[in-house]
Amino acid sequence: MATIEPKGTVHPASDFDPVKDCEALRKAMKGFGTDEGPIIDIITQRSNAQRQQIYKTFKSHFGRDLMADLKSEISGNLARLILGLMMTPADYDAKQLNKAMAGAGTDEKVLIEILTTRTNKEIHAINAAYKAAYHKSLEDHIKSDTSGHFRKILVSLSQGNREDGDADAERAKEDAREMCDASDADAGSKETRFLSVLCTRSYPHLKRVFQEYIKMTNHDIEQIIKEEMSGDVKDALLALVRSIKNKPGFFADRLYKSMKGAGTDDRGLTRIMISRSEIDLLNIRYEFKEMHGKSLHHYIEAETSGDYRNALLSICGGDD
């Protein structure tokens, strides 16, 4: 099976000059009123590494904190987007995970979306960023905020210990058989067996396992999860399976759901646009058009407005 190379929509600016960018940003925020245009152009059209350089240069040139200045000059959805882009990917994910567990109630969707889709390397960076920002480990926070098999899935994923490497044909058959047999087990044991395979094997291997499962049962693994699991466990396992089968497709579906129907889930929309912009947003755009007949650009244009829309469209990087 050919692997499609992941491609982002945001790339390092070729003629990057951090001093020039800082001067333009300072000018846009100085005095009465704010000129959002240059802020959007600069922040959305630089790579994350370049933004970190801009942050440092701004402080050394003006003795001011760029994040604090931005916070005082812009607000609402635009601020959430621009400030999110200014954070490192690990700090940003750590903040989203913390927010999902802070206060009363837990936003399980956010925990699932981030922990089921990040690579081992990304998870390790998130763990370090989490500890530094909140003086508590991500695992401890998950344990205190969730329960049962859902907790076990999240704790397992938060280790960033998924196997690397290609599919092993024989082992894939064994894993598929293990999951087939799980269907006859009691609920707890069934979930444990699914977890032990889905949370630890490599992506190429699991794709092979899913194929073997269909051969053995004439059913897609998703169908079994939908029929035999429930609640957060079902949602987490489905997210895992879907992101393993087709990660850009998984995010395209999430983006669509964030904008369809009455009202827009701006937090969800912003989170995905920020976190995938340099990784696979171009692939996500392609999947979005394939799945929904209209482009991601079209939906953003229709569902958002003002400077926030301009910034999202700049990250989106074109119509399809």
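Laid out as a table, the results:
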{"read-out": "Count - residues of the range 50-72 that are open to solvent by 70 Å² or more (accessible area, probe 1.4 Å) and under 24 Å from the mean Cα position of the chain (by Cα)", "value": "2"}
{"read-out": "Positions within the range 102-119 being out of contact with any helix residue (DSSP H, G or I) (no Cβ under 6 Å at 6 or more places or on another chain) and either more than 17 Å from Gln159 (Cα to Cα) or loosely packed, with under 14 Cβ neighbours inside 10 Å (or both), in sequence order", "value": "Ala102, Gly103, Ala104, Gly105, Lys109, Thr119"}
{"read-out": "Residues satisfying the stated conditions in the range 122-180, i.e. of a type in the set (A, V, I, L, M, F, W, C), over 21 Å from the mean Cα position of the chain (by Cα) and surrounded by fewer than 16 Cβ atoms within 10 Å (Cβ to Cβ)", "value": "Ala169"}
{"read-out": "From Ala176, Ala172, Ala128, residue being aliphatic (A, V, I, L, M) and under 27 Å from Ile279 (Cα atoms)", "value": "Ala128"}
{"read-out": "Qualifying residue in the range 135-144 (condition: in contact with an Asp or Glu (Cβ under 9 Å, 6 or more places away or on another chain), under 25 Å from Val197 (Cβ atoms) and without any contact (Cβ under 8 Å) to a residue 40 or more places away in the chain)", "value": "no"}
{"read-out": "Single residue of the range 242-266 satisfying the filter (within 13 Å of the chain's Cα centre (by Cα) and aliphatic (A, V, I, L, M)) that is farthest from His205 (Cα to Cα)", "value": "Leu255"}
{"read-out": "Odd one out for Ile39, checked against (1) under 17 Å from Arg80 (Cα atoms); (2) in a loop (DSSP other than H, G, I, E, B); (3) among the aliphatic types (A, V, I, L, M)", "value": "(2)"}
{"read-out": "Inter-residue pairs, beta-carbon under 7 Å, first free of Cβ contacts under 8 Å to residues at least 12 places away in the same chain and in the range 214-227, second of a type in the set (A, V, I, L, M, F, W, C) and not in a loop (DSSP other than H, G, I, E, B), 6+ apart", "value": "Asp220/Ile214"}
{"read-out": "Pair list, Cβ < 7 Å and 6+ apart or interchain, from the range 109-125 residues that are at positive phi to residues that are open to solvent by 40 Å² or more (accessible area, probe 1.4 Å)", "value": "none"}
{"read-out": "Among (1) modelled with pLDDT of 95 or more; (2) surrounded by 14 or more Cβ atoms within 10 Å (Cβ to Cβ), the one test that Lys20 misses", "value": "(2)"}
{"read-out": "Filter result for the condition that a residue is touching a Phe, Trp or Tyr at 6+ places or on another chain (Cβ under 6 Å) and at pLDDT 95 or above, over Ile274, Ile284", "value": "Ile284"}
{"read-out": "Flag for Gln45 being within 23 Å of the chain's Cα centre (by Cα), among the polar types (S, T, N, Q) and open to solvent by 70 Å² or more (accessible area, probe 1.4 Å)", "value": "yes"}
{"read-out": "Verdict on Arg309 being among the basic types (Lys, Arg), in a helix (DSSP H, G or I), over 23 Å from Pro89 (Cβ atoms) and open to solvent by 10 Å² or more (accessible area, probe 1.4 Å)", "value": "yes"}
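Matching residues to (1) touching a strand residue (DSSP E or B) at 6+ places or on another chain (Cβ under 7 Å); (2) under 28 Å from Pro6 (Cα atoms); (3) not hydrophobic (A, V, I, L, M, F, W, C):
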residue: Val110; (1), (2), (3): no, yes, no
residue: Ala132; (1), (2), (3): no, no, no
residue: Ser137; (1), (2), (3): no, no, yes
residue: Ser158; (1), (2), (3): no, yes, yes
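The values are calculated or read from the model by the stated rules, or taken from the named source; none is laboratory data. Keep in mind the model is a prediction, meaning the values are calculated, not measured. Reconstructed Cβ throughout: ideal geometry from the backbone, glycine too, with neighbour counts over all protein chains shown. Calculation scope for accessible area: heavy atoms of the full protein, side chains included, ligands and nucleic acids excluded. Shrake-Rupley method; radii C 1.70, N 1.55, O 1.52, S 1.80 Å.
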